[in-house]
1. Under the rule of -39500 (n - 2.57) per DSSP H run of 4 or more residues, summed and divided by the residues of the protein assembly as shown, what mean residue ellipticity at 222 nm is obtained, to the nearest 500 deg cm²/dmol?
2. Roughly how crowded by other chains is peptide B:102-108, in terms of the mean Cβ count from those chains within 10 Å of each of its Cβ atoms?
3. How high is the FRET efficiency from residue B:212 to residue B:75, r the C-beta distance, R0 60 Å, rounded to 0.05?
4. Could you tell me the center-to-center distance, by alpha carbons, between segment B:263-279 and segment A:93-111 in angstrom?
5. On average, how many beta carbons from a partner chain sit within 10 Å of the beta carbon of a residue in A:92-103?
6. What is the packing order of peptides B:154-161, B:437-444, taking the mean over residues of other C-beta atoms within 10 Å and listing the highest first?
7. Taking Cα pairs under 8 Å and at least six residues apart, what relative contact order does chain B come out at, in percent?
8. At what distance in nm do the modelled label points of residue B:457 and residue B:258 sit from each other, each positioned 7 Å from its Cα along Cα→Cβ?
Amino acid sequence: MKVNRNIKTYFLLSTFSGMKFTFFKMLKNLFNKKKMITLNYPEEKYKYSSRFKGTHVLTVKKDGSLRCTACMLCATNCPAQCIKITADEHKDSSVEKYPISYEIDILRCVYCGFCEEACPVDAIRMGPEWQTPDKNGSKFNYDIRYLAYRPQLKGGVESSLDDKERHSWGI
Amino acid sequence: MSGKNEDLISCSVNGKTISVPKNTSAIKAFKIAEQDIAHYCYHPGLSVAGCCRLCMIEIEGNPRTQIACNTMVTEGMKINNQSKQIKEDVQWGLDFHLLNHPLDCPICDQAGECGLQDQYMKFGQYKPDMNQKKVKKAKVVSLGEKIVLDSERCILCSRCVRFTDEVSKTHELGIFNRGDKSEVGTFNGKELNNDYALNTVDICPVGALTSKDFRFKQRVWYLKKAEAICTGCSTGCSIYLDYNEEGFFRVRPKPNEDNNSYWMCDEGRDLYQHLNKEKRLVKVYPSKKVSTSNFAVSSSSSSSSSSSSSSSKKAIKYLKSELENIKDSTKIGVLVTGQYSVEDYKEFFSVLKEKNSINQIYHWFDQKNSKNDFDDLLIRGDKNPNTKGLLEVAKDMSLKVIDSSELKNTASNLEILIVLGPEYKKFFSTIDEKLEYFKQALQVFYFSSVKLDSLDSISNVTQIPLQSLVERGGTYINYKGLKQKLSILPQVIPKILSFSQIAKVLNGEKIQLEPLFLKTQPVKDNQFSFQKN
Ligand code: SF4
Ligand code: SF4
Ligand code: SF4
Ligand code: SF4
Ligand code: FES
């Protein structure tokens, strides 16, 4: 009984069996490249669905201003606590409250999408971009300028919910 | 009624039998029985209006449901609010309140502590039956310097109107127009600027009245509340301080029947600012006569300065050595305000008395207000929360109390003047006059938790930081002798000595400085441990 256990826990055996597996996989991949299941990233890229939940987008209103009302529900719901919003009083009293700063610490974000779910006004969405590597020391604290108006968004994504329309419906 | 207190009557609330004083309203009986009851217009500190129709109850023997706030309890009355009928009544009452209510919760400061939200979770219809457009009313109306009104959110409970009529007696507010056009507003040209105006923000059960100072600063669910007292005057109102890791954000009155009932004055609401980093004295400002190197020299004689020893420890050690050099105790002046707690005084005075045989203190009382000023509600002329405590401690220690105006004659004789300074410049309007005396003394050591800019220009003043009101804690005795103890909150600024530490340093004892900075809850150890099989 004791001997048996010792053989089972003798690491070298498992190591060799693991290496055997790797070696045969390698041979298989060398001669049958098509069946290989991994990609040669970054030369090859996987095409995700356009509904992929990647880097956040802050949507805008029809006039191009930020849709976010600074209600902080996303920040409250965020499990990584990586959203930081500073609210202020808007000059236009029909807007009333708006964010003067909106930051997502993207290195802490776990891409769960809870922020998107919490938002009552469709102001934050998870966009399709998923490649966001950058050099050491670059800015991973995404601010409004990046989240809402980065060049890739071509002037901003329009929110599906407009306050003016809502008011005209009488609600 | 044999064997029973004549003034008590018994009744049953939701099946729970309780005895209440005569002339108790049914809603109070619910509170006494600790049963939930929905309500908006009833407020224990105001008269009964009976206009929200939410506090519906059933009384046994009475076929119709009725409101609890305007029903008096009688002997043997059986009240309940658990039936299906009541639930339906409240549901419909609430639905009418919400007919014209805007979809503002995301931008409404009240969200999180809103009566409508709370009741909706219990009695909401969830399916709106209304197919008319909502009535639009004025939004973001400024009602003066402190308050913003949003008429759409108002549910016309009239608490605010009753407050200005009954408590502040300033009569600025009224409800105008009729039906669904009714709106709260001020009478022509008037502004809601009385000394107690912000109480209307507290009692407004919805987000119709919001405070300009607190507006949009924080969501209320991010805030923790701590109990404290207001140190703005000798009334010492019980308050809640709302704070989180980012600092202190607002002050609200804490109901206290013995003292401030449900209110506090608007001036006292600025208290939180003095606890935040921006206004605090964060480091020692040595006087221009002594360079910082002096501190180092004096401290080198005792223990070698460890890395945790702060400049304020050095400054106090320097003060200690300077005090030791003075043999004549009349050359040492101690000037105190009634801003500190009984414990602080005891600690500080006892070491000075023991070591330097001090037997008199100068009492700094703001001269502008007389001690007996009172506005018949809360605000008192004595702007110190603990004048009584100070005088009591001085008497216990048989210290002679001299009025600070005497300094005019004696300041020039003093070699050292130790000041426990006023914390709030707003209340000490005569600070700058006092500072003139300081110039005459040889050296001044000014202890304060708040930065006083006018001290920087006086060359013989060393400013030493103190912990703030809620970091020190302690007991305060108000104008009528009510003792209130403060809870102690985490430190905002690290390495500031407490009074007991200061006293220890002055006494020549060693102290251990803990690097405290917003103590958070200790993280629990990860209890999960992997086990094979
Ligand atoms: S995706 Fe999740 S973790 Fe990332 S910001 Fe949104 S809520 Fe936070
Ligand atoms: S993004 Fe949406 S949930 Fe987040 S603060 Fe703005 S409005 Fe609120
Ligand atoms: S008053 Fe209450 S229900 Fe109305 S918008 Fe404000 S938080 Fe929402
Ligand atoms: S403003 Fe607030 S307190 Fe005044 S009537 Fe309206 S809901 Fe009531
Ligand atoms: S609380 Fe009784 S009617 Fe409003």
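The numbers here are math on the coordinates, done by the rules we state, and not lab data. Predicted model, so just to flag it, every value in this text is computed and none were measured. Positions of Cβ are backbone-derived with ideal geometry, glycine not excepted, and every protein chain shown enters the neighbour counts.
1. Rounded to the nearest 500, it is -6500 deg cm²/dmol.
2. Neighbouring Cβ atoms belonging to other protein chains average 6 per residue here.
3. E between residue B:212 and residue B:75, to the nearest 0.05, is 0.75.
4. Distance between centres, Cα-based: 28 Å.
5. 3
6. Values: B:154-161: 23.2, B:437-444: 20.1.
Highest-to-lowest ranking by the protection proxy: B:154-161, B:437-444.
7. Numbers: 977 pairs, mean separation 58.0, N = 533.
Computed over chain B, the figure is 11 percent.
8. Here the modelled spin labels are 4.6 nm apart.
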